[in-house]
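Below: the structure, in structure tokens.
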Amino acid sequence: MLRVSDLSIEYTTEQAVLPAVRDVSLDLANGESLGIVGESGSGKSTLVMGALRYLPANGRVVAGSVHLKDQDLGELSAADLRRVWGGQVGIVYQNPLGALNPSMTVGRQLREVATWHLNMNKRQGDNLAREMLTKVSMPDPDSVLKRYPHQLSGGMLQRCIIAMALMTRPALLVMDEPTTALDVTTQAVVLDLIEELKAEFDAAILYITHDLGVVARICDRIAVMYAGEVVEIATTRELFARPRHPYSLRLLGCIPHFDLGPQKRSLLTIPGTIPRVNDLPPGCVFAPRCTFAHEQCLAASPPLVDIGAGRSSACLRWAEVPDLIDVAHSETDVLGRRSEEVPGTADLLVTADVCVDFKASGRSLEWRRHKGRVRAVGGVSAFLKLGQTLGVVGESGSGKTTFARAIIGLTERSDGSVRLRGHELAPGLEARSPQAVRDMSMVFQNPDASLNPRHTVGQAVGRPLSLFRRLRGKALEGEIERLLHVVQLPSDYRGRYPGELSGGEKQRVAIARACAADPAIVLCDEPLSALDVSVQGALMNLLMRLQSQMGTSFLFISHDLSAVQHMSDWIAVMYLGKIMELGPTAEVMRPPFHPYTEALLSAVPVADPDAVQEGIRLSGAVPSATHVPPGCRFHPRCPRCLGDQCRVEEPPWRAVAATHWVYCHILPEELASNQFGIREGHAASQREET
Amino acid sequence: MLIFIARRLAMVCVMSLVMSVLVFGVTQVLPGDVTTMVLGQFATEAAKQELREELGLTRSLPVQYGTWITGFVLGDWGTSISSQAPVFNLVMERLRNSLMLGFVGLMMFAPLGILLGLVAGLKQNSWTDHFLSVGSLGFIGLPEFVSGLILIWVFAVQLGWLPASSAIPAGTGFVDAFPKLILPGVTVALVGLAYVLRMTRASTVEVLRRDYVRTARLKGLPVRAVVFTHILRNALTPTVTVIAVSIGWLVGGLIVTESVFGYPGLGRLALFAIQRRDLPLMQATTMVIVVITMLANLVADVIYTYLNPTIRY
């Protein structure tokens, strides 16, 4: 159906010619879904857009051909190509809000496809648009057609775009990270929809993503890309069970598994960074980062070869890769044990009933009705133990970040108390003692915004040193160097500016800065979410190593349940400003769950094609903090809602075990009786054995 | 939407009142004495005092302001000190002329500026783009008295196609005045064109980078449809603001152009009033320009909300 043969794509810039994609061959059968997996800079989007002949002015296909059905896309005229675009190929984009025109109604944007490709008139176009919206299970399609993109939620917008892509019943559907911008629970719903439509429309799917959990669910086969080349192609199950390229092996190693073992283990990560395409190594592109590289790997670039059973690998030693797994796993270390085994650790920080109100600004009438305040955090009681990690997980809008900011004092709490080593802390940072300020630091989500672009790395890291530790001159320089070493950055990075660093390196600098003043607590607010899989893995290792060396306590905020369970001793699940469940990691991850925890566990994409998950899906989005539902605030979305009791009465804070609480009306035994969470499948257990 | 417009109209009224205090205050502190201007250098102090009383200048400032503003609101704008004619008639005549010239100028530069800006933006970094961008910069730098004189020399003196002087008698209708409006209109348009062109070009370049343009193109839409349904409307929003801001300038700020062509517009009237220390005339022209500018901005905001549905009042 689609055949890409030896495709090479170059970008011409003022400095150099960049061979962004080299000699890629792929084929895709009717109704098949192929995942293209790779980190940023691997050329996956360039490959797909180049195959469709949609490249920026400086991009060019220099070799190879692309056949869609019987047509050679390279031979088509511009007008014929436009018949292919949107007609035979439908595309779903990463950022649904950006991908729709803000000044046109959704209906008009859908209709356009019908009027242009199917020669329909306005009325027929509208009818088809309505029909398509119904197919993607859009609630109230008629009103959606009349709305503008900014009036719809991300999940609804993505459904509109999927509907738009499928309107002409295209033979090929390209999905470019379609769920990356969505919340986990919405992502799960959209992935379900894609699976359903895949069966109904029988379109071949090219699915571009960096998320191995998502491909494990959606794709039949996977092509792994690295630095502009495809290094391995295999069926999804084969790839996860028996990778035949060291890069695939290590990429899989970067993802934390849902194992509830008592040990904290480091992840198998990839040393070094992805090469830039203008500076490719001779020989195998992965060789500089490959711990198994031989001399012959450095000599010539190994081609992608068929290794039988429908698989291909670009590794000279592909046959040995399964044996290398053991070697690789010996690189990971045990970094201590989880909290269950260390009872009686002192509480370092205790929050009781912390509330944060925001004054409503703006002229919206709705907000005025609420007497001009919005409760973003509605009474959170939690604790952080010495040298341990409390993970806070929840969808966007759950108040996780505001809670962390209230602890450190960047946002003043309106009520409740925060105690550090038993001493009450003032709501605002300015009113706190220098020692209390020094005791806490924060790592923010976006290192681009949190590092001053005009300060060098040395200045950024040195600032807390001179401020809190009064270091000057040589001592200061020495300490900066030590900290950079701790976060595994070369010491000559000291003179660099943030603009010269990669995202992962910037986040390392932010971590070094946060640890500089020897704080008791580091609050990490989604420190990984802007980064690539391999960088995420490396940073998780770094944070855990720092903790075991320095005994720092972490508050680790993330929407990614797999990262949270990997990092944390304790987990707090937050929803709409309140904790739904709190307990030791292993207990929270095992039934009984709060129904919200259960929904998150059902939704999280597990990087294991054989994993079995519960099929619980949440409808709608997190309600706005201006309209907190009465009774249990989760009840409108709760699949286990009991009815009036949940609608009216605030649920109790019920102890399931000595240190495990669930905020729910339903009795724990009852919850546990029909819950199981995630069962990791065959592939994972096999990997453990080898 | 109606509520929004009503609220903005109320704002215009309040702002006009505030501005009127400012205008009044400024006219009070202007150096020079109206009596000297009227009676001449050698008038006696007694004659000057008599004139002051006659003009009501001896009363306290708040009383003077109160009288002036009530009269202004009721349409009694007083009598011009220098020409002894009713200010209202003087200003309205000139306002009409200025609106005619402004309209002609606007109609020349706004559509053309948008079109050329769109072309330059779509063909970013091409020769067309460089030519338009650099050319428009040249027009911004060229003073009106230079471009106006060149136009007169070419089209009036050499070719004889159009009249060199644009002086029109009071009460001339638009159709009769039109030939005399072309050259000053072009002079004005040259400046306005450059601003509109550059703004449209910049916003077109910005819109082209947006994901929804890629979506539109990969829907397979023909280029024409992509440009006119997806790009143009979004690229117009900043331009609308620029055009609205230019309306105040078109009505009251064309002093140089009006002088070059001898055109009886509001700008020259304001200049005349200031030179003669003709306070009632000065206050009235300024207030008219203020109100027109604010109304133009209101219209721009309404168009803006129409173009950009994410903004709702």
Ranked A:H150, A:H594, A:H210, criterion: other C-beta atoms within 10 Å, fewest first: A:H150, A:H210, A:H594
Ranked B:M100, A:M574, criterion: other C-beta atoms within 10 Å, fewest first: B:M100, A:M574
Ranked A:D183, A:D220, criterion: other C-beta atoms within 10 Å, fewest first: A:D220, A:D183
Length added when fully stretched, A:A426-A:A449, from 0.36 nm per residue minus Cα-Cα: 5.6 nm
Residues B:S60 and B:T36, FRET efficiency given R0 of 25 Å [Cβ-Cβ distance, rounded to 0.05]: 0.65
Sum of side-chain charges, A:P56 neighbourhood, beta-carbon under 11 Å (Lys, Arg +1; Asp, Glu -1): +3
Bridge type composition, the protein assembly as shown - antiparallel percent by DSSP, nearest 5: 65 percent
Inter-site label distance for A:K122 and B:V14 at 7 Å from Cα along Cβ, in nm: 4.1 nm
Separation between Cα centres of region B:229-268 and region B:1-58, rounded to whole Å: 27 Å
Added length on full extension, which subtracts the Cα-Cα distance from 0.36 nm per residue, B:S83 to B:A170: 29.8 nm
Helical contribution to [θ] at 222 nm, DSSP H n ≥ 4, -39,500 (n - 2.57), averaged over chain A, rounded to 500: -9500 deg cm²/dmol
Per-pair calculated FRET efficiency, R0 = 60 Å: A:E14 and B:I255 via Cβ, rounded to 0.05: 0.80
Proximal charge balance of B:F131 [Cβ under 15 Å; K/R count +1, D/E count -1]: +2
DSSP beta bridges in region A:518-669 [antiparallel fraction, %, rounded to 5]: 70 percent
Cβ-based net charge around A:L239, under 9 Å, with every Lys or Arg adding one and every Asp or Glu removing one: +3
Crossing angle, helix B:87-122 versus chain B [Cα axis fit, 0-90 degrees, rounded to tens]: 20 degrees
Once the Cα gyration tensor of region B:87-312 is diagonalised, semi-axes √(5λ) in Å: 36, 22, 14
Residue among B:R276, B:R59, B:R94 with the largest mean-square fluctuation in a Gaussian network model of chain B, springs linking Cα atoms under 10 Å: B:R59
Calculated from backbone phi, Karplus (6.51, -1.76, 1.60) coupling profile of region A:517-522 in Hz, x at Gly/Pro: 8, 6, x, 7, 10, 10
Inter-label distance, nm, simple model (7 Å from Cα along the C-beta direction), A:A328/A:L410: 3.6 nm
Pairwise centroid distance, computed over Cα atoms, of region A:167-196 with region A:243-316, Å: 28 Å
0 to 90° range, to nearest 10: angle between helix B:174-208 axis and chain B longest Cα axis: 50 degrees
Principal-axis tilt of helix B:127-141 within chain B, Cα atoms, nearest 10 degrees: 10 degrees
Label-point separation in nm, A:A475 to B:D76, each point 7 Å along Cα→Cβ: 8.4 nm
Charge dipole of the protein assembly as shown about the Cα centre (unit charges at C-beta), most positive-ward option of A:V89, B:T286, A:L73: B:T286
Förster radius 60 Å - calculated FRET efficiency between B:F103 and A:H627, Cβ distance, rounded to 0.05: 0.75
Cα gyration tensor shape of chain A, rounded if a/c is under 1.5, else prolate or oblate by comparing a/b with b/c: oblate
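All of the numbers you see were taken from the coordinates with simple rules; none came from a lab. In this text the structure is predicted, and so the values were computed from the model without any measurement. When we count neighbours, we look across all protein chains shown, and the Cβ atoms used for this are built from the backbone with ideal geometry, even at glycine.
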